[in-house]
Amino acid sequence: MDKKVYERPVIIKQYSGLMNKFGGTTDQTPIKDIDGVSVKQLVEDFGSPLFVMSEDKIRANQRKMLRIFKTRYPKVQFAWSYKTNYLDSVCSVFHQEGSWAEVVSEFEYDKARKLGVPGEKIIFNGPEKSSSALIKAIKENAKIHIDHFDELYQIIEITESLNLKANVAIRVNMDVGIYPKWDRFGFNYENGEAEAALRRIVVNDKLNLIGLHTHIGTYIMSAEPYRLAAVKIVELFNKLIDEYDITLEYIDMGGGLPSNNTLKGQYLEADQILPSYEQFADAVTSPLFDTKLSGDKMPLLILESGRALIDDAGYLISEVIGNKRLADGRRAVILNAGVNLLFTSFWFKHKIVPAQDTGGFTENSSVYGPLCMNIDCLREEIVLPALKRKDHVVILNTGAYSVTQWMQFITMRPKVVMIMQDKTVELIRDSENLEYITSPEKLPEKLKEFSL
Ligand SMILES: *Cc1c(COP(=O)(O)O)cnc(C)c1O
């Protein structure tokens, strides 16, 4: 048996709030390995901070979600939301699982093409599409989801002047009971804007209307909004059949399903309050049976799920730089990873778990990052056992939006590895260095010399 870790005795003032109706104990099981690979070894080989992605978990998540939807609706296609995590290796795993690409910028579009995704399997969303991006996307038969009237006119101009035909859908926003409403993207359903856009599209012989799209928000915490959204989209779908004799290929219900991460305002943990993915799938798919089509003719259901498929497949390993006592007596732990690497900690209470055995005594603590900035706080309050300098922690649910929203601020971005299904570990993004960061910089001749 390993020797117990010695902890010096401490006397601390007790604050109300530490106990709750579920008692005061905290699960202190350390996370010593990820997918069977030891955290210690990962740090020895790749340093810290270190982002770790699990190939196994990504595939399992995608397969599970596909199964949940496919058992409820016959034609389902996922499209990986690039902005959620667009590391090549991550996207490739999704493409190997059969997912198309869902992109929201020319950069993401090019990234998907470079990886080998054919144009017709790219869904091009977002409010900003440059003319060069549109020309490329039209020529490559991408599915262009129009966001607003100016974009529609821009596409009409391009198709006219270059004599091209574009595959288009419109993004529709609607009141689904979520406030504030996400009405800044797409055409509104209730005020008739969506229909007005469709009328303009169907009379244009250079525009091939192939689908309807909505994406009602992100981290949606109940299933009902999806049902409402699907009902409204199906209404538009049927109207196109009735009034214009146009049958669309697909209905794209977007993403927005929650992950197992806990929001800051949430009292209970995510898994205790969120509906199951099965309930979400019921809500999305039930109204689709009300289209005027049946059997083979039923529209393809496209889903652009992001965070729900990747959040728990990502880990951030970080090292304890030091401990300190704040003026009010609270314990503070300083880590070598901060909000620069974990932008999502502004919204989420990421779970932080020690990576080695600890003593039994826990204390309410604040967890800070390495930046010389007051806002660099990962958790204002978390119950943690004593951690000493050079100990490691594993931060959970960091797969979504962290390696895309991370900032090169004060420090450089660290390595990202993927634990493969055969338990080998592959470096999938190297750490940045001074040369990489300064390479786009230009120093004018006149500023090159100084003497101090
Ligand atoms: C961001 C985004 C997604 C993915 O959203 P999640 O909340 O991560 O599932 C899907 N579709 C569109 C249009 C998006 O902008």
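Structure notes:
- Cα lying deepest toward the dipole's positive end in the chain, options 410, 256, 189, charges on Cβ: 410
- Computed with a 1.4 Å probe over protein heavy atoms only, the accessible surface of the chain comes to 49 Å² per residue.
- Protein accessible area in the chain, 1.4 Å probe - carbon and sulfur %: 52
- Tail fraction, Cα-Cα pairs, region 172-321, threshold 26 Å, whole percent: 33
- Histogrammed with a bin width of 10 Å, the alpha carbon distances of region 147-227 distribute as 17, 45, 25, 11, 2 percent, first bin at zero.
- Stokes-Einstein diffusion of region 309-452 at 25 °C, 0.890 mPa s viscosity, Kirkwood radius from Cα pairs, rounded to a whole number: 144 µm²/s.
- Helix 224-244 axis, angle to the chain major axis (alpha carbon atoms, nearest 10°): 20
- About the centre of its Cα atoms, the chain shows a dipole size close to 1120 debye [charges on the beta carbon of Lys, Arg (+1) and Asp, Glu (-1) only; nearest 20 debye].
- For region 55-311, the residue among 299, 130, 65 whose Cα projects farthest onto the positive side of the dipole built from Cβ charges is 65.
- Using distinct alpha-carbon pairs, which all enter the 1/r mean, Kirkwood radius of the chain in Å: 24.2
- The alpha carbon convex hull volume per residue for region 264-312 rounds to 114 Å³.
- DSSP-defined antiparallel bridges as percent of all bridges, the chain, nearest 5: 45
- Sorting the segments 29-39, 429-439 by their residues' average number of neighbouring beta-carbon atoms within 10 angstrom, most packed first, yields 29-39, 429-439.
- Backbone amide hydrogens, once placed in the peptide plane, bring residue 429 within less than 5 Å of 416, excluding anything fewer than 5 places away on its chain.
- Under the combined filter of DSSP loop state and at most 10 neighbouring Cβ atoms within 10 Å, region 91-144 retains none of its chymotrypsin sites (Phe, Trp or Tyr not before Pro).
- Bins of 5 Å, starting at 0 and running to the largest distance - Cα pair percent for region 298-368: 3, 10, 18, 21, 16, 10, 6, 4, 3, 3, 2, 1, 0
- Region 40-193 - Rg over Rh from alpha carbon coordinates, Kirkwood radius: 1.05
- Viscosity 0.890 mPa s, temperature 25 °C, Stokes-Einstein D of region 55-311 from Kirkwood C-alpha radius, µm²/s: 132
- Residue among 98, 179, 267 farthest towards the positive dipole end of region 55-311, charges placed on Cβ: 98
- Shape box of region 62-118 [Cα atoms, principal axes, largest first, Å]: 35, 20, 18
- For region 198-284, the alpha carbon convex hull comes to 107 Å³ per residue, rounded to a whole number.
The values are calculated or read from the model by the stated rules, or taken from the named source; none is laboratory data. Values in this document were obtained by computation on a predicted structure and should not be read as measured data. Here Cβ is always computed from backbone atoms with ideal geometry, including for glycine, and neighbour counts include all displayed protein chains. Heads up: the accessible areas ignore ligands, DNA and RNA and are worked out on the full protein's heavy atoms, side chains in. Shrake-Rupley method; radii C 1.70, N 1.55, O 1.52, S 1.80 Å.
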